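Worksheet for the structure shown next.
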Amino acid sequence: MKYRLSSPSLGKKEIGYVNSALKSNWLSFGGKNTKIFEKKFAKFLGIKHVLAVQSGTAALHLALKAVNIKPGDNVIIPNYSCVASISSTTQSSAKPVVVEVENDTLGLDFSLIKNAIKKYNPKALQLVHVYGFPARDSLKIKKYCNKKKITLIEDCSEALGAEINNRKVGTLGDISIFSVRSDKMIGVGEGGVICTNKSGLFNKIQLLAARNAPHRSDNDHFWKKYYHLGEGYNYLMPHLLGSVARAQIERFKKELLYKKIKVGNFYRKLRSKNFRMTQKVIKNTKPVYWLNSIYFYNLGKNKVRKIGHNLMKHGIEVRSGFWPLSDLKKFSSKYVGNRKISRDIFEKTLVLPSNINLNEKDIKLIVKKVEYLIKKIN
Ligand SMILES: Cc1ncc(COP(=O)(O)O)c(C=O)c1O
């Protein structure tokens, strides 16, 4: 593919820190570079506690376990999201309550959340900021969850750096999580991050992520190390990946984020009679344009797929929208709202190349090709 959806940006810094980890002879969790990454991530976000883990999915699972989600508890998730939203819920033996999203931010629709809460009395809600765009009603959702004593888990996997009302996403939830797999805003291969301002909750997260055993390093209590407090997981990030993560967070603000926003702005300058950018930039938000998706006004799903197939054949990598989670047959879920929006977005959108190396000329060429294929197909 000549024009990739996303591609890792790795350089001297990453290589330097990975080399230093190898030389340190420490490859497991808790390595020096991983600890520095966690500190710098916390500073960037403006949050107290940060733990690097092995994936965004693991971070979501940890979050649900740490807040004591019990078998049979209801958890609200959006219909338009990564499968991790629903699988982390069922993995915790909880019941997903799938709520429809808004068609311009693709974030949870607040008016439906109220009904969902009334009907299903959920213990937690996963708020997802899709493709780098903060959900419009994030602050209202936070307030309402506080009022109803529902744990808010903010899933910022796709939105590191995005802001709403001058507040960074990831600072609204009781817990927030990020994915740092290679295609995300920062990437280490496969990895995740989990954050909170609550010290008690963080202690629990740390224990669960490290096999639920107190991590004793002092000589007096060395024999406590293998006393496990209950079921736990082996979810902590190893040092080589923590080293890449350190380099990426150090490069993030001035380089990676800056370039990502530049690509997003190139797409937003273009006008078409045949499609629009799927997501709107709404007042008081700063999106980070993780992915740039277009919505075809007058084409059905078969034509959209044909265009996607043709673009791929010509070296332009695309992806479809998410399958609506309520349409994934192997997951049983309760549903609130009208499935129409997520289905419509899934069928009538294509995500176009969004990697940070694209320039304005590349983007004009990609969009010209899309216009050409629309004409040809009609
Ligand atoms: C919104 C969202 N949540 C969770 C995840 C899961 O993260 P990971 O792939 O690191 O497990 C992803 C993506 O990959 C995602 O897009």
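The values are calculated or read from the model by the stated rules, or taken from the named source; none is laboratory data. The structure presented is a predicted model; accordingly, all values stated were derived computationally and were not measured. Don't worry about glycine lacking a Cβ; one is built from the backbone with ideal geometry, like all the others, and counts go over all protein chains shown. To get the accessible areas, we keep the full protein, side chains included, count just its heavy atoms, and leave off ligands, DNA and RNA. Shrake-Rupley method; radii C 1.70, N 1.55, O 1.52, S 1.80 Å.
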(request) Could you pull out the pairs from 148/253; 280/301; 48/262; 262/369; 114/269; 260/340 whose alpha carbons sit more than 25 Å apart here? (result) 148/253; 48/262; 114/269; 260/340
(message) Can you tell me the orientation of helix 257-269 relative to the chain, as the angle in degrees between its alpha-carbon axis and the longest Cα principal axis, to the nearest 10?
(response) 20 degrees
(request) Normalising by the residue count of the stretch 12-251, find the relative contact order in percent from Cα pairs under 8 Å and 6+ residues apart. (result) 28 percent
(request) Give me the angle, in degrees from 0 to 90, between the Cα long axis of helix 32-45 and the longest principal axis of the Cα atoms of the chain, rounded to the nearest 10. (result) 60 degrees
(request) Would you mind working out the accessible area per residue for the stretch 12-251, using a 1.4 Å probe, and quoting it in Å²? (result) 42 Å²
(request) Starting with the highest mean, order 47-58, 148-159, 256-267 by the number of other Cβ atoms within 10 Å, averaged over the residues of each peptide. (result) 148-159, 47-58, 256-267
(request) Rank by packing, highest mean first: peptides 304-314, 36-46, with packing defined as the count of other Cβ atoms within 10 Å averaged across residues. (result) 36-46, 304-314
(message) Once ligands and nucleic acids are excluded and a 1.4 Å probe is used, how much of residue 332 is accessible, expressed in Å² to the nearest 10?
(response) 100 Å²
(request) With 10 Å bins from zero, work out the P(r) of the stretch 165-324 over every alpha carbon pair and list the percent per bin. (result) 8, 24, 29, 21, 12, 5, 2, 0
(request) Skip the ligands, DNA and RNA, and give the accessible area per residue of the stretch 252-377 with a 1.4 Å probe, whole Å². (result) 55 Å²
(message) Past 27 Å, Cα to Cα: identify those pairs from 39/168; 184/361; 143/168; 140/259; 283/348; 12/65, in the order given.
(response) 140/259; 12/65
(request) Give the ranking of 29, 202 by solvent-accessible surface, highest area first, calculated with a 1.4 Å probe. (result) 29, 202
(request) Measure off, as a whole percent, the carbon and sulfur share of the 1.4 Å-probe accessible area of the chain, all protein chains present. (result) 52 percent
(request) Report the convex hull volume per residue for the chain, counting only C-alpha atoms, in Å³. (result) 138 Å³
(request) Give the shape of the stretch 252-377 as rounded, prolate or oblate, defined through the alpha-carbon gyration tensor: a ≥ b ≥ c are the square roots of its eigenvalues, a/c under 1.5 means rounded, and otherwise the shape is prolate if a/b is larger than b/c and oblate if not. (result) oblate
(message) Kirkwood hydrodynamic radius, computed over distinct alpha-carbon pairs, for the stretch 1-149: how many Å, to one decimal?
(response) 17.9 Å
